[in-house]
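**Q** Encoded as structure tokens, here's the structure I'll be asking about.
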Amino acid sequence: MSKQDKKKSALLAVFPTLEQYTQFSGNSGNVRIVRSFIEYAVRNAIIDTGDENKLRDFIRNNARGQEDRTPPTHLNFEELFEKKDDLLGLTLSTRALTDRINALLAEHKIDLPKVSNSMLTRLKKEPADTPHKQNVLRSLAFWLGYERAQMGPKWNFETLLKLCREGKQSVNYTEGVRIGFALYGRGDIIGHEVVTWLKKDLKDYIEQSLGRFVYGRWGKVRSHDITTLYVDFPKEEEVSNPASYRQCLRSAVSLAHQMAIRWALSKYFTKNRFLSIGIAAGDYASVDNYLLPLLNAKLPGDPVIRMMDYARQCLLTNDIRALLCSRPNEMTLFNGETLTIWWVVGFWSEMYFDFVPGLLRDKILQNDPSSVEALARLIWSPAEIELQPAASDESNAIMTFYKFPHNSLLGIEIAKTFYYRRRFWEAIEILRICLSIDPTHLNARTLRMLLFRNLALDAPSYPVAESLFKQAEQEALYIQENCAFPTEDFYCEHAVVYLARAMSTLRYIREGNGFFHGRADVRRFTRMVFAWFNMAETLFEKGITVSPSAIRSAYLLNSVRVLQAILHNDEEIFVNPEKPIDGKPDIVKQPSSNLQWQLGYLREDLPQEHQYDFMERMLMKSFRVHDDSVSLQAYRATTHFCTAVMWWDFFPVRTIGVTKKALQLLHDALGMAKAAEKDGVCIYSFTRTYGEMMPAAEFIRHMERSIRMIETKAGDLSKRDDREVIEPDEDLSSSLMTLNF
């Protein structure tokens, strides 16, 4: 068999059918791996361009048939390795095999995970029920397709997956999160079709959207009784403390958020049917003692999502961005134990929680002319709708919300969808209804502050922009005076109002559009810019104080201090639009170094040679914690960009290893933005230093420009040691943070 045929065989072993590829590429957590396969196919002349559709066409035209995807009968994964000499022509030890697999992946730059001896041992005993396990099988399939192509096409990913499912039962996890969904009739019957809908929607979301969470595919929907369903997300780590529940609890909270909105949009939702969602964490042997009372509890305001006290501790420890009630309820259980019940009053949905598919698809929320016209009549001229009864027969999210305006979760989710489609005034109108019922709703009022901030950035003139910035500040002032507001995200978004105002004013000054008259006027506005920077800095510091992780606030505090240092050092930047917003490397690095000492990333008690290793581990840990908390890809793209800035701009030394990390993150952000563009949503972007809702196409151009800049400055990275330092230019630091301003 020729080398070219072996390369094709390896690709088809990983993706034996187009359905397999589509399912894999549709998971946003696999963007990096998909890109590595596209590049592999181009390098090896399997396809002629880097267009993903070409790869799809190749897989479709060469898909393996059903007989090639069916393993031998009475065989499981463990027996496959016991008979590997006969079945695979393998005489290698397991350790030698893993070395060969990993070497082949590295040689062809395939971004699948390395295979370890211990993981193969686990796969002999457990189903491949997590994304990581399945990707390890893909790594093995790639090697078999390449090195054992002569054995025929049957040893592919799908075959291996079926062998694992025929293996022994999964580990009997004893701890984790159990989430319950109970339907109650308050005058309306809970029929079989209602429970069937709930079960199907639960399964769909777990399968399609929780795949990037490690425990997502473990969760199985099972019936507790006729109208109550349970899903378990296990805690795999052996240590028992709240931090070890991070991923399983995030999966559960994401599922709760989705189902609360989906239920409100379903045809089965009425004022006489109620869905209760309960979250319990701990030992599975005892959580039912708490979960059923949680689901049955009568609570003020009928909150949908409630949780036990230990689940709340885990939620707060792991920085999961949901808002809970300020005072819990207590009830006495049958055994005399007191159960403390907390409930969710809101989510920071506009940044952390995924879109609801039904809202993305809703015709009334689209950006095409007919939808815009229909929405305008519905929101601004409802009398016209009443005169056209035929037009009002078709249900949509807006009409559902008008029927149940007290459902703030639904209202905010609709406003979020408008926000990410740059329909700012429509979002403000929906929030007006939410706030008329509860003027102190923190999430609704903060989102309205963001909307005024975005309108200010789009304003046609400086006076209009200033008026809108002031209106955004009034929203923040109302929150401070009337709401329970000390959360990191409020402080960060409030601070970004001042940061955006400062940078917007800087842009107006640099453009010299006639509003600013003379050097004295420019100096006055320059002082105002620095005053707004100072206000933003103070608020970011408050964000660090109230947050258990301080990941967002620390990054943004770093960025505002760097901007201040650059502009203080060279105030000609204010009046010379040709000058980049950048400075000498030592000017840019010093504020970052100071903050790294302040936060404990740099420490005197560590040997000098280990300082940066420790800092790198801490930054990687922080990134993983924050990345795990974000299921909204339209925001996750910008967190990847900001993390790339952290490595390229803020890390003390620019090494080949750091550069590779930054480039990888930018490529990932690029892939996420392309996916968002297909969904017709924008990116919540910080590529111009402040937060704004940016069309995906523009964000994509920013990522491509950022990648080009780094590749130009760093040169060819292949065959260079990760520890090699890239010497900076003397005049400018090549700032990624301000490149696209």
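**Q** Starting from the 7 Å offset along Cα-to-Cβ, what nm value, one decimal, do you get for the label separation of Glu698 and Ala106?
**A** Placing both labels 7 Å along Cα→Cβ, they lie 4.4 nm apart.
**Q** Could you tell me which of rounded, prolate or oblate describes segment 443-579, using a ≥ b ≥ c as the square roots of the eigenvalues of the alpha-carbon gyration tensor, with rounded for a/c under 1.5 and, failing that, prolate when a/b is larger than b/c and oblate otherwise?
**A** Note, shape of segment 443-579 comes out oblate.
**Q** Which length gain, in nm to one decimal place, applies between Glu429 and Thr121 when the Cα-Cα distance is subtracted from 0.36 nm times their residue separation?
**A** Taking 0.36 nm per residue and subtracting the Cα distance, the gain is 105.2 nm.
**Q** What residues have an amide H closer than 5 Å to that of Thr655, excluding those fewer than 5 places away on the same chain, when H is modeled at 1.01 Å from N in the peptide plane?
**A** Amide H neighbours of Thr655: Ile726.
**Q** With r defined as the distance between the Cβ atoms of Leu477 and Leu599 and R0 fixed at 25 Å, what FRET efficiency is calculated, to the nearest 0.05?
**A** For R0 = 25 Å, the calculated efficiency reads 0.30.
**Q** Let me ask something else. Can you tell me how segment 175-347 classifies by the Cα gyration tensor, rounded, prolate or oblate, using a/c under 1.5 as the rounded cut?
**A** Oblate, because a/c is 1.5 or more while a/b does not exceed b/c.
**Q** Taking the Cα atoms of segment 536-695, report the difference between the largest and smallest coordinate on each principal axis, in whole Å and largest first.
**A** Between the extreme Cα coordinates on each principal axis of segment 536-695 lie 49, 41, 35 Å.
**Q** Hey, another quick one. Any lysines with Cα under 23 Å of the Lys678 Cα? List them, leaving off those in the same chain fewer than 8 positions away.
**A** Counting by Cα, and skipping residues close in sequence, Lys678 has these lysines nearby: Lys54, Lys363, Lys416.
**Q** When the Cα centres of segment 564-642 and segment 326-353 are compared, how far apart do they sit, in Å?
**A** Answer, in whole Å: 37.
**Q** Spin-label point model (7 Å from Cα, Cβ direction): what's the Asp458 to Gln23 distance in nm?
**A** 4.0 nm
**Q** Relative contact order for the chain: what is it in percent, counting Cα pairs under 8 Å that are at least 6 residues apart?
**A** Answer for the chain is 9 percent.
**Q** Once you sort the root eigenvalues of the Cα gyration tensor of segment 8-92 as a ≥ b ≥ c, which label holds: rounded (a/c under 1.5), prolate (a/b larger than b/c) or oblate (the other case)?
**A** It comes out prolate by the Cα gyration axes.
**Q** Additional query: I need the trypsin sites (Lys or Arg not before Pro) found in segment 3-85, filtered to DSSP loop residues with at most 13 other beta carbons within 10 Å of theirs.
**A** Lys83
**Q** Between Lys114 and Gln313, 0.36 nm times their residue separation minus their Cα-Cα distance comes to what?
**A** Gain on extension, Lys114 to Gln313, equals 68.2 nm.
**Q** Using 23 Å as the Cα-Cα cut-off, could you pick out the over-long pairs in Lys83/Lys154; Lys674/Lys713; Lys125/Lys200; Lys7/Lys674?
**A** Lys674/Lys713; Lys125/Lys200; Lys7/Lys674
**Q** With r defined as the distance between the Cβ atoms of Asp204 and Asp731 and R0 fixed at 51 Å, what FRET efficiency is calculated, to the nearest 0.05?
**A** After rounding to 0.05, the efficiency reads 0.40.
**Q** Also, I was wondering about something else. With helices defined as uninterrupted DSSP H runs, which ones in the chain have an alpha carbon span along their own long axis of at least 15 Å and mean Kyte-Doolittle hydropathy of at least 0.0?
**A** Membrane-span-like by this rule: 31-43, 94-107, 246-265, 369-380, 408-419, 424-437, 442-457, 518-546, 551-569, 633-645, 656-678.
**Q** Given a Förster distance of 51 Å, report the FRET efficiency between Lys719 and Lys363 from their Cβ-Cβ distance, rounded to the nearest 0.05.
**A** With R0 = 51 Å, the Cβ-Cβ based efficiency is 0.40.
**Q** According to a simple spin-label model (label point 7 Å from Cα along Cα-to-Cβ), what is the distance in nm between Phe404 and Met618?
**A** In this crude label model, Met618 to Phe404 measures out at 4.7 nm.
We did not get these values from a lab; they are worked out from the coordinates using the rules stated. Just so we're clear, the structure is a prediction, and the values are computed from it rather than from any experiment. Here Cβ is always computed from backbone atoms with ideal geometry, including for glycine, and neighbour counts include all displayed protein chains.
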